[in-house]
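The block underneath contains the structure these notes are about, expressed in C-alpha cells.
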C-alpha cells in the first residue's frame, strides 16, 4: 500500500472524496469541497440523498445477514470508511461473516487498513481493482481466499452504477453475478432523475464537468437490471422506502435520487 499516496490526484475532484465531504468526513481536498459545494447549491437535498443511500446499504446488509443467512459479501466501489461499514453491519449479526471490499481509488486504498479491522471469527480483505475489470476482482487471491463459491454471496453494488455508462453497466453486473451460486443476492442502488429532474440534472452536469459522467435511469430501466432474479419485497423503490426504519420518517421523495433493490439469484 506504500504507493497509494503517489496515485492521489488532488487537482481534480473524485466521487468518493466528494461523497466524503458532503457527508461531513475529513478525507478530501479543496477541489472536492468546491465541487461538493457547487452540487449542493444546485440541489440542497444532496446530503440527505447520499446519507439515505448509505443507510440503504446498512439495511440491505442486515437483512441479508439476519434474514437470509448470508455470511460472505463482495462490496464493489467501497468508498471511504464511514462507520458502520459493511463488515461491521454483517459481523454484528454473525461474527464469522467475511467481506471482500473492492475500490480503485488510491485514497480509499490508503485507508484500507481502517476497513480491515473485523472480528476475530470473521475476515475482511481489500482488492485494489476496478469494476470495469471484473475478472481482476474474481481472479484475485483475496477473493479466492475469502469467498467460497459453493455458498451464497451477497453482491453489493451501492452508489456506483450511475458512474458506469451503457452498455458496460449490464455486462459488468452480469459478469460479477455469473460465478455466484444460486441463492446469492444482489443489492444495488441506481441513480435516477425521476423525482427532482431539474436539480438532479444540474448535479449530473456538474459531475460531468468534473470528469465524472453520469447515467441516470428511470424506474423501468432500473428494474430491468434485476431481470431473471427474484426481487425481495418491496421490489425496486426509492432507497428510503426500502424496508424503512424510524430514521426514514418524514423524508421528502424529491430529496432522493436513487432506486434500490435486493434480489435473489435463482
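The values are calculated or read from the model by the stated rules, or taken from the named source; none is laboratory data. Note that this is a predicted model, so its numbers are computed, not measured. Reconstructed Cβ throughout: ideal geometry from the backbone, glycine too, with neighbour counts over all protein chains shown.
Does segment 87-105 include one or more residues that are surrounded by 19 or more Cβ atoms within 10 Å (Cβ to Cβ), over 24 Å from residue 19 (Cα atoms) and out of contact with any helix residue (DSSP H, G or I) (no Cβ under 8 Å at 6 or more places or on another chain)?
yes
Can you pull out every residue in segment 206-239 that is at pLDDT 95 or above, in contact with a helix residue (DSSP H, G or I) (Cβ under 8 Å, 6 or more places away or on another chain) and farther than 18 Å from residue 157 by Cβ?
234
Give just the number: which of (1) part of a loop (DSSP other than H, G, I, E, B); (2) modelled with pLDDT of 80 or more; (3) under 17 Å from residue 79 (Cα atoms) does residue 9 not satisfy?
(2)
Residue 144 versus (1) without any contact (Cβ under 8 Å) to a residue 40 or more places away in the chain; (2) under 22 Å from residue 86 (Cβ atoms); (3) in a loop (DSSP other than H, G, I, E, B): which is the lone unmet condition?
So residue 144 meets the others, but not (3).
Take the residues of segment 224-253 that are surrounded by 17 or more Cβ atoms within 10 Å (Cβ to Cβ) and not in a loop (DSSP other than H, G, I, E, B): which is farthest from the chain's Cα centre (by Cα)?
Restricting to residues being surrounded by 17 or more Cβ atoms within 10 Å (Cβ to Cβ) and not in a loop (DSSP other than H, G, I, E, B), the top hit is 248.
Can you spot a residue in segment 122-132 that is closer than 26 Å to residue 53 by Cα and surrounded by fewer than 14 Cβ atoms within 10 Å (Cβ to Cβ)?
yes
Give segment 178-221 a look and list any residue that's closer than 20 Å to residue 17 by Cα and not in a loop (DSSP other than H, G, I, E, B), or say none.
Once the filter is applied, which keeps residues that are closer than 20 Å to residue 17 by Cα and not in a loop (DSSP other than H, G, I, E, B), segment 178-221 yields 189, 190, 191, 200, 202, 203, 204, 205, 206, 207, 208, 209.
Looking at residue 152, is it crowded, with 16+ Cβ neighbours inside 10 Å, touching a residue at least 40 places away in the same chain (Cβ under 8 Å) and closer than 28 Å to residue 22 by Cα?
Spelling it out, it is not the case that residue 152 is crowded, with 16+ Cβ neighbours inside 10 Å, touching a residue at least 40 places away in the same chain (Cβ under 8 Å) and closer than 28 Å to residue 22 by Cα.
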